[in-house]
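Working notes for the structure below.
The values are calculated or read from the model by the stated rules, or taken from the named source; none is laboratory data. Keep in mind it's a predicted model, so treat the numbers as computed, not measured. Here the Cβ positions follow ideal geometry from the backbone for every residue, glycine too, while neighbour counts run over all protein chains shown. The accessibility values were calculated without ligands, DNA or RNA, using every heavy atom of the protein model including side chains. Shrake-Rupley method; radii C 1.70, N 1.55, O 1.52, S 1.80 Å.
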Amino acid sequence: MLDHTPGPSPKGRGIIITVKKESTMDITLFNTLGRQKQVFTPITEGKVGLYTCGPTVYDYQHIGNFRTFMFEDLLKRVLLYNGYDVTHIMNITDVGHLVSDGDEGEDKMEKGSSRTGKTVWEIAEYYTGFFLDDAKALNILPPTKYTKATDYIQEQIDMVKCLDDKGYTYVTSDGVYFDTSKLKDYGKLANLDIEGLEEGSRIQFSTEKKK
């Protein structure tokens, strides 16, 4: 049984979801790291922390975007059905998402601002509202809390500084990058053949970026 209670939302809209405890059954999930199915075991008994990707709110979300959100919703419903207390956080990307996978081009929010003549803040509020309405229409359960990227800029800066202090970054003319050569097992989650990757085959080659 779900109890939908409005939750505090100075940094985002959300609800608190509580579940009537029932006996749980084993949940088997595919472990990307081990490349096999295994029984799910939470870090804290009876509780699950779930972080999922949310929208970049520079435009309307299309059916491909909502395919991801519905998969996330399905996973959460399975956890709730099996009696877990789920704390679900979903991000709202309202800054810092470039139009190219190659970390180049203009920010998607600035592109939306240029297209509509609205400020970036107006764009974010407008399309966030449409996303929430569409998610409700699709019967997607809201997360415990929505978190906006612009509410955590300092935390992002602190994280980059931490990586820099540990020697895991390098600087180019357009930003600070994570130095993948410093992480011996980089790519293991995606099962990447690092030596076999061809630079420039997917994005434009940059002489400043390290291999």
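Using 0.36 nm per residue, how much length does the chain from Tyr81 to Thr180 gain when fully extended, once their Cα-Cα distance is taken away? Don't skip to the end; give the middle numbers.
Working: separation 99, 0.36 × 99 = 35.64 nm, distance 3.96 nm.
Using 0.36 nm per residue and subtracting the Cα-Cα distance, I get 31.7 nm.
Estimate the FRET efficiency between Phe130 and Glu155 by the formula 1/(1 + (r/R0)^6), using the beta-carbon distance for r and 30 Å for R0, to the nearest 0.05.
After rounding to 0.05, the efficiency reads 0.65.
From the cross-link list Lys161/Lys188; Lys111/Lys182; Lys111/Lys161; Lys47/Lys111; Lys145/Lys182, which pairs have alpha carbons spaced over 32 Å apart?
Lys111/Lys182; Lys47/Lys111; Lys145/Lys182
Where does each of Glu45, Glu110 land when they are ordered by accessible area, with a 1.4 Å probe and the largest first?
Heavy-atom accessible area, descending, gives Glu45, Glu110.
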